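The values are calculated or read from the model by the stated rules, or taken from the named source; none is laboratory data. Computed from a prediction, not measured in an experiment: that's the story for all the values here. Reconstructed Cβ throughout: ideal geometry from the backbone, glycine too, with neighbour counts over all protein chains shown.
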Amino acid sequence: MMHFAVSSKAENFIRALPKTETHLHIEGALPYSLLQQLDPERYANVPDSWRKDFRFDSFQHFESELLGYAAAWFTAPDRYHEAAKLIFETLHKEQNVKYVACSMASGVIEFSGMDGHAVARAIKSAAPKGLKVDLYLGIHHNGYNDKTKNFIEESLTWEELSGYDLHGVEELPLEPWTANLWNRARDFGKYTKAHAGEFCGPDFIERVIEELGVSRIQHGVRSVESEVLLKRLSTQPFVLDVCPISNVKLRVADRYNKEEALRLLKSDVCCTISTDDPISFGNTLYDEYAFLLSEYGFSVADLARFARNGFMTSTLNDAEKAVHIGEIDNLLETYLG
Ligand SMILES: [Zn+2]
């Protein structure tokens, strides 16, 4: 849908690059074609928000549209399976993705009354051969309540679940259950991460690091407002899963001039590139890389670095990591040669 002007040599490089998707919401990745099959009339046209120049008015504007699509499709675990299958196959075949860390939203389970464990199984079993998928449960700031408590507690023992992610409106208070659950999750061998630094500033990123004990941040782009934080994030084990087109369409990038907006990705902070919610942004992973190259002036060596970071911080085993990183290095050498 989106078009970014890159040379055919660079286009071939991006397409051939082995990639990871480590910031992807399953509901936000719902293939629009499935909605069109469901109700051809209602979904005859692709969303306006797929236009390159489209901007959302607010996070609420974005979220309400997204939840509308999700509610129309995600009515049963089978529907999750069907969508996840298409999402993973497309990522694997068309985007050369070898590793995915995605999340399912506890809010959808809460509102639909679906069996959360069945949903987790439905998603995990949709992964094709050659693509490793780690599944997270995304819980919004006020998402732990009387309706969800039981299944969230049970989810600590689901083997289909790799970890937990903090979702939703960032400005809402961080409730005490959160740090408690995040700590216990790690005791159960789960990974933990959090959305932070998209709409709230460096203070909130510091808070999720301190209080939730996370080292993997979804977005985290507002860290550029604090030299101290940037320096801290540039040390191990911190990782930021950045989604540049999402930041533009949600006007997060509007806070900064171009130089400032680029500082994080040019810094020593370990950043990866992902799509966040393609049904809302109309973006593919190819688009993200092409966007960085054509609109932000990054080099192909930078793109290779982002792809490498994705593998280095994945849960693939060392031999698998070495294969993909070796391929990235070879592609870069050939490109530059
Ligand atoms: Zn996200």
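Taken over region 221-245, residues that are assigned to a helix (DSSP H, G or I), hydroxyl-bearing (S, T, Y) and more than 14 Å from C271 (Cα to Cα) amount to 0. With respect to being farther than 21 Å from V248 by Cβ and not aromatic (F, W, Y), G213 fits the description. If you go through region 16-44 and keep only what is surrounded by 14 or more Cβ atoms within 10 Å (Cβ to Cβ) and acidic (D, E), you end up with E21, E27.
Answer yes if at least one residue in region 178-188 is touching a residue at least 60 places away in the same chain (Cβ under 8 Å) and either out of contact with any His (no Cβ under 8 Å at 6 or more places or on another chain) or within 29 Å of V252 (Cβ to Cβ) (or both), and no otherwise. Taking every residue of region 178-188 in turn, none turns out to be touching a residue at least 60 places away in the same chain (Cβ under 8 Å) and either out of contact with any His (no Cβ under 8 Å at 6 or more places or on another chain) or within 29 Å of V252 (Cβ to Cβ) (or both). Which residue, of L316, L292, L303, is assigned to a loop (DSSP other than H, G, I, E, B), within 30 Å of M104 (Cα to Cα) and at pLDDT 95 or above? Just a single option satisfies the conditions, and that option is L316.
The set of residues from region 201-221 being within 16 Å of the ligand (Cβ to nearest atom) and either within 20 Å of N309 (Cα to Cα) or surrounded by fewer than 19 Cβ atoms within 10 Å (Cβ to Cβ) (or both) comprises V214, R216, I217, Q218, H219, G220, V221. Between A70, A101, the distinction of being surrounded by 20 or more Cβ atoms within 10 Å (Cβ to Cβ), touching a residue at least 24 places away in the same chain (Cβ under 8 Å) and not in a helix (DSSP H, G or I) belongs to A101 only. Taken as a whole, the structure places T22 among residues that are within 16 Å of the ligand (Cβ to nearest atom) and not in a helix (DSSP H, G or I).
Based on this model, can you work out whether A29 counts as closer than 15 Å to N283 by Cα and within 16 Å of the ligand (Cβ to nearest atom)? Can you show your working first?
Details: closer than 15 Å to N283 by Cα: yes; within 16 Å of the ligand (Cβ to nearest atom): yes.
For A29, the condition - closer than 15 Å to N283 by Cα and within 16 Å of the ligand (Cβ to nearest atom) - is met.
Evaluated against (1) assigned to a helix (DSSP H, G or I); (2) surrounded by fewer than 16 Cβ atoms within 10 Å (Cβ to Cβ), I152 falls short on exactly one condition, (2).
Take the conditions small (G, A, S), buried (at least 22 other Cβ atoms within 10 Å of the Cβ), farther than 23 Å from A5 by Cβ and out of contact with any strand residue (DSSP E or B) (no Cβ under 6 Å at 6 or more places or on another chain) and apply them to S234. Does it pass? It is false that S234 is small (G, A, S), buried (at least 22 other Cβ atoms within 10 Å of the Cβ), farther than 23 Å from A5 by Cβ and out of contact with any strand residue (DSSP E or B) (no Cβ under 6 Å at 6 or more places or on another chain). With respect to being within 13 Å of the ligand (Cβ to nearest atom), more than 11 Å from T20 (Cα to Cα) and of a type outside the set (S, T, Y), D276 fits the description. Tallying residues that are more than 15 Å from the ligand (Cβ to nearest atom) and either touching a Leu at 6+ places or on another chain (Cβ under 8 Å) or of a type in the set (A, V, I, L, M) (or both) within region 147-174 yields 8.
Of the set (1) in a helix (DSSP H, G or I); (2) closer than 25 Å to L250 by Cβ, all apply to R55 but (1).
Each row is one residue, and each column tells you yes or no for (1) in contact with a helix residue (DSSP H, G or I) (Cβ under 7 Å, 6 or more places away or on another chain); (2) within 16 Å of the ligand (Cβ to nearest atom).
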{"site": "Q37", "(1), (2)": "no, no"}
{"site": "F54", "(1), (2)": "yes, no"}
{"site": "S58", "(1), (2)": "no, yes"}
{"site": "E63", "(1), (2)": "no, yes"}
{"site": "H81", "(1), (2)": "yes, no"}
{"site": "E89", "(1), (2)": "no, no"}
{"site": "V108", "(1), (2)": "yes, yes"}
{"site": "I123", "(1), (2)": "yes, no"}
